[in-house]
Amino acid sequence: MTTPLDRPPSEPAPSPQPWKTLVDVRALAARIDVGIDAGEGDVANVAIVDCRHRLADPAWGAAAYAEAHIPGAVFAHIDNDLSAPTVPGVTGRHPLPTPEAAAATLGGWGIDAATQVVAYDDVGGAFAARLWWLLKWLGHDAVAVLDGGWPAWLAAGQAVRGGVEHRAARTFVARPRPGMVVDADVTAAAAAGGAVRVLDARAADRFAGQNETIDPVAGHIPGAVSMPFAGGIGSDGRFLPPDVLGARFDAALAGADPAVAIVYCGSGVTAAHLVLAAAHAGRPLPRLYAGSWSEWIVDPGRGVATGA
């Protein structure tokens, strides 16, 4: 058997298999350690991105990152880095960035076609899934979310680092997959027709219009089905097993075609968590209504439903 030590110098070492949905703490820690041992400044060509955020306190994530983060990680702000500026009366709260703007941001974080990306947060992947989805949308498949996120990293006793870190810039070339995203018109037609399932990733009480503290109108898109993203996370903050996630999708789809299903949430962020859950379960990726509820309600002519 040929080992890395006796492989001919002209023969490159095989690249590790890319992580495409989730990665656990031990695997990421081992990859970081290998990079440090090899003297690799980019931590074995892994770009780690801290996506911690609080909707009620937008400055919190950057402060938490500066206090302590996974060694080598850069910070991504949901509002400033992973979204375009909002346009009152036109967009939802977190409109998608243009492919060109997103490519510039990703390249600035040292991400190119050869880079493995790992995103994490401290709320079960609710925000990290946004970066995962953006990279998939832009044609980059070597991206995963750290299962269990920051709490799992700390619980495992892994090293942390303070301050602000940077990676050498690279050129990220966006190759958008337009079929991954739909607009309000497509979503409305799907929900009204009944043959295409529209899944709402928000908490059940927000879906029912009973507890809306973020958006000015309560309720859901008529015809949509409630499927809270948090139902796919265990008490330990990790994703449920693939077979359990798959069964959850089967129940919500009720026989509808999973390949054309649409997911949405309040602003297009946590709905990406459902897309990630589908991928981890080995199911077709549902399409994302990126504008989501906060865009839907901008037009008073669009219907609003309440109740379970």
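The values are calculated or read from the model by the stated rules, or taken from the named source; none is laboratory data. Note that this is a predicted model, so its numbers are computed, not measured. Using ideal geometry, Cβ is built from the backbone for each residue, glycine included, and neighbour counts are taken over all protein chains shown.
Of the numbered conditions (1) within 30 Å of D185 (Cα to Cα); (2) out of contact with any Cys (no Cβ under 7 Å at 6 or more places or on another chain); (3) modelled with pLDDT of 95 or more, I111 fails exactly one; give the number of that condition.
(1)
Could you list all residues from region 164-217 that are of a type in the set (A, V, I, L, M, F, W, C), in the same structural domain as I262 (by TED's automatic domain parsing), within 23 Å of L55 (Cα to Cα) and assigned to a loop (DSSP other than H, G, I, E, B)?
The answer is A201, A203, A208, I214, V217.
Would you check if there is a residue in region 83-105 being among the acidic types (D, E) and surrounded by fewer than 21 Cβ atoms within 10 Å (Cβ to Cβ)?
yes
If a residue must be assigned to a loop (DSSP other than H, G, I, E, B) and under 18 Å from the mean Cα position of the chain (by Cα), how many such residues does region 219-240 contain?
Final tally of qualifying residues: 6.
Need at least 1 residues that are of a type in the set (S, T, N, Q) per element, so show me which helices (runs of 4 or more DSSP H) inside region 50-148 make the cut, counting only ones lying wholly within it.
99-108
Is it the case, given these coordinates, that V225 is surrounded by fewer than 23 Cβ atoms within 10 Å (Cβ to Cβ) and in contact with a strand residue (DSSP E or B) (Cβ under 6 Å, 6 or more places away or on another chain)?
Yes; evaluated as a whole, the condition is true for this residue.
Can you tell me which residues in region 57-85 are aromatic (F, W, Y) and under 16 Å from the mean Cα position of the chain (by Cα)?
F75
Counting only residues that are in contact (Cβ under 8 Å) with a residue 60 or more places away in the chain and closer than 15 Å to G266 by Cα, which one in region 54-82 is surrounded by the fewest Cβ atoms within 10 Å (Cβ to Cβ)?
The residue in question is L55.
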